[in-house]
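One structure is given below, represented as structure tokens, and several questions about it will come after.
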Amino acid sequence: MRPFDDIDRIAATEALDRVAAPARDLVNKVLTNQKIADVLHGVPIGHPLHPILAQASFGSFVSAGLLDLVPRTRRPATALIGVGLLTAVPTAAAGWADYSQAHEEQQRVGIVHAAANITMLAGYVMSLGARLRGRSTRGALWGWTALAVGSAGAALGGHLSYHQSLGANHAEDYPHIGPEDWTDAGAFDDLPDGEPTMRRVGEVRVVVVRRGDEVRALGQRCPHASAPLSDGELTDRDGDTCLECPWHGSVFRLDDGRVMQGPATAPAAVFPARVREGRLELRVATWPGVPAG
């Protein structure tokens, strides 16, 4: 048995839904401002925000634990714990935002991850309180205990990201598996006007949108959670024609795949299009953000 197989069992434990589902519903009830949600997901920076903030918070706690090994450096360790507790607030907010858009197996692991982190933070509050009362040794013991619990929580967080792909870019492989040369995607006249349509190009599926004589094409898989974008709906954002994901509401600009609304942070894969002798031809763009025309 491998060490992390137990985490897979957590993901399969349906009993956790009694806690995980209400927590998800509560976050969605509170987090109704789309601009705030996008910031917490990391849309403005094009990268999930939670792991960046987690580095600052957990890194402060790890550093404090190392300084606590030497009594003379326990005063700066106290400052680091304060930094860790302060940065834990936005870190947790970003984590809960991502959690609210996760699927059930991810949420089961996520709720245990959150419980471990809450326990860790409670331990660090006790540690800080002991230190401020001049009991540095007791504070160090509380800190090491909290760090042990937090390390388990961090392992769960890594499992969520790398094993369960929460926050990963599910469209990253398109430039590597899509056709580099112009490839036939069917008759242009067969495309319905103004309706997202799935087409196969080489070994991959794409969503094609015809508007009059113009065609735009994006990768079929939503970068957030692999939803089929051909099931989405067209929408207008800031005068640009966009495609809205049918699962979690991410919005992508058709011209270049840019994210106009999260929870997705990575752009949709772009497939430049052309029409030759009545046939639609597509090829994958080498880099994200390349105009589709």
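Go through (1) at positive phi; (2) touching a strand residue (DSSP E or B) at 6+ places or on another chain (Cβ under 9 Å) one by one and return the number of the condition G42 breaks.
Among (1) at positive phi; (2) touching a strand residue (DSSP E or B) at 6+ places or on another chain (Cβ under 9 Å), the lone unmet condition for G42 is (2).
On to the next question. Out of region 258-277, which residues are open to solvent by less than 40 Å² (accessible area, probe 1.4 Å) and either touching a helix residue (DSSP H, G or I) at 6+ places or on another chain (Cβ under 6 Å) or touching a residue at least 60 places away in the same chain (Cβ under 8 Å) (or both)?
V259, Q261, G262, P263, A264, T265, A266, A268, A269, F271, A273
Ok, one more. Looking only at residues in region 129-147 that are surrounded by fewer than 13 Cβ atoms within 10 Å (Cβ to Cβ) and of a type outside the set (A, V, I, L, M, F, W, C), which one is nearest to L69 (Cα to Cα)?
T137
Another question, then. Working carefully through the options H170, H176, H163, find the one that is in contact with a strand residue (DSSP E or B) (Cβ under 6 Å, 6 or more places away or on another chain) and open to solvent by 40 Å² or more (accessible area, probe 1.4 Å).
H170
Go over the candidates V201, V208 one by one and state the one that is at pLDDT below 95 and either surrounded by fewer than 16 Cβ atoms within 10 Å (Cβ to Cβ) or more than 17 Å from the chain's Cα centre (by Cα) (or both).
Being at pLDDT below 95 and either surrounded by fewer than 16 Cβ atoms within 10 Å (Cβ to Cβ) or more than 17 Å from the chain's Cα centre (by Cα) (or both) holds for just one of V201, V208, which is V201.
Scan region 111-142 residue by residue and report those that are among the hydroxyl-bearing types (S, T, Y) and closer than 18 Å to T87 by Cα.
Residues satisfying the conditions are T119, Y124, S127.
Of all residues in region 28-59 being more than 23 Å from G84 (Cβ to Cβ) and among the aliphatic types (A, V, I, L, M), which is surrounded by the most Cβ atoms within 10 Å (Cβ to Cβ)?
This residue is V43.
Here's something else I'd like to know. Can you tell me how many residues in region 185-226 are part of a strand (DSSP E or B) and out of contact with any Asp or Glu (no Cβ under 6 Å at 6 or more places or on another chain)?
Going through region 185-226 one residue at a time, the tally reaches 23.
Let me ask something additional. Run down D255, D190 and say which single residue is among the charged types (D, E, K, R), touching a Lys or Arg at 6+ places or on another chain (Cβ under 9 Å) and without any contact (Cβ under 8 Å) to a residue 40 or more places away in the chain.
Exactly one residue qualifies, and that residue is D255.
Right, something else. Which condition number in (1) among the small types (G, A, S); (2) touching a residue at least 40 places away in the same chain (Cβ under 8 Å); (3) closer than 23 Å to I118 by Cβ; (4) open to solvent by 30 Å² or more (accessible area, probe 1.4 Å) is the one that G153 fails?
(4)
Now a separate question. Do we have A227 as buried (at least 24 other Cβ atoms within 10 Å of the Cβ), within 24 Å of A97 (Cα to Cα) and modelled with pLDDT of 95 or more here?
When the stated conditions are applied, A227 does not pass them.
Which one of the conditions (1) more than 23 Å from R108 (Cα to Cα); (2) part of a helix (DSSP H, G or I); (3) more than 15 Å from the chain's Cα centre (by Cα) does A15 fail to meet, given that it meets all the rest?
Looking at each condition in turn, A15 falls short on (1).
The values are calculated or read from the model by the stated rules, or taken from the named source; none is laboratory data. All values reported here derive from a predicted model rather than from experimental measurement. All Cβ positions, even for glycine, are placed from backbone atoms using ideal geometry, and neighbour counts span all protein chains on display. Note: areas computed on protein heavy atoms with side chains; ligands, DNA, RNA excluded. Shrake-Rupley method; radii C 1.70, N 1.55, O 1.52, S 1.80 Å.
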